[in-house]
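Computed from the coordinates by the stated procedures, all read-outs in this text should not be read as laboratory data. Bear in mind the structure is a predicted one, so any value in this text is a computation, not a measurement. Positions of Cβ are generated from backbone atoms using ideal geometry, with glycine treated the same way; all protein chains shown enter the neighbour counts.
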Amino acid sequence: MSVGSRPKADSMASSYSYDADNRLGNWREKLDELWHYRSLLRNLVVRDLKARYKNSVLGILWSVLNPLFLMVVFTILFSVLANNQIRDYPIFVLVGLIPWNFFSGSLTGGTTAVTGNAGLVKKVYFPRELLPASSLLSNLVNFGFAFAVLVIFLYVFGIGLTVHALWVPLILITQLIFTLGLCLLLGSLTVFYKDVLMILEVVMLAWFFLTPVFYSLEMFGDTATLMGVTFSPGQVMRWINPMASIIDGYRTVLWGTYDSLGPAPMNPAYLARTFVTAVITLIVGYAVFLRLNPMFGEKL
């Protein structure tokens, strides 16, 4: 069996054969293959969770304590010391931090998923895309615990969940698609270029400050002028930064807007545009991953 090959299911047995000349195959065959390896994906997710919290006293509670600690820090800095007038600022920050931590953790883990499992990749065949996917899903478990705590805080602050919270699953799906696309793209490039990890560290830091996690896009005003061109800073930020739209979406339906008194309805146009961007990112990332996949064994 060739290294980096993709098997085809035999209708009469559970054995597999590989056609190296047809490694890109078709989407239906790939979905069938991924479904066949679903138990492996589950085991990879469990392994990631166990490895992450091994010998940890608090275990998965760290996924909750991390955003809570940062919430306290940002609240002291911007609400108390800087006299920020944003209502319910701890919730404002928490609604942004939890999705961001999910994105950051998934992207960092997904980028090193293939190189971190070099021994497994070189020894046995399985769909390599399961490695970035397992990192994403293990971080999704952490996100679930943190989100449950967020819901509790929403009721503690008298906000609660409204009918607008029904948008959350659609926003989450958009984030999952976008993040998986980046994980596949960067995870495959890291096999060939180790500099990707160094660049990612710098990019993630800049990306954090360019995303409305601890501030509101409305604080920049309705319009701004740069080199004689007048534009809306908030709108441009949402266009060029999908995570700005995603986090702004969570905040809108769970906390509200800068001028509202509570949760507000989601703008479907914003979500639709971000969803299209996420799908394009996934298609490009997966195409690059499939193209480079057969060479992973040689480079690792």
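Summary table
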item: Length added when fully stretched, Lys30-Tyr53, from 0.36 nm per residue minus Cα-Cα; result: 5.0 nm
item: Helix axis angle, 62-74 relative to the chain longest principal axis, alpha carbon, degrees; result: 30 degrees
item: Convex hull per residue volume in Å³, alpha carbons only, for region 168-227; result: 140 Å³
item: Choice from Gln85, Gln175, Gln235 showing the highest fluctuation, given a GNM over the chain with Cα pairs closer than 10 Å; result: Gln85
item: Residue among Val288, Val253, Val229 with the largest mean-square fluctuation in a Gaussian network model of the chain, springs linking Cα atoms under 10 Å; result: Val229
item: Paramagnetic reach from Val151 in region 229-272 [backbone N under 19 Å; point 7 Å along Cα→Cβ]; result: 250-256, 263-264
item: FRET E, pair Tyr125, Ile199, Förster distance 35 Å, beta-carbon r, rounded to 0.05; result: 0.70
item: Option label - mean projected area of the Cα convex hull in nm² computed here, alternatives (i) 18.8; (ii) 20.1; (iii) 15.7; result: (i)
item: Label-point separation in nm, Ala206 to Val284, each point 7 Å along Cα→Cβ; result: 1.6 nm
item: ³J(HN,Hα) computed for each position of region 289-300 - Karplus, 6.51 cos²θ - 1.76 cosθ + 1.60, integer Hz, glycine/proline x; result: 4, 5, 5, 8, 3, x, 9, 4, x, 6, 8, 7
item: Listed residues Ile173, Ile91, Ile283, most fluctuating in the chain (Gaussian network, C-alpha, under 10 Å); result: Ile173
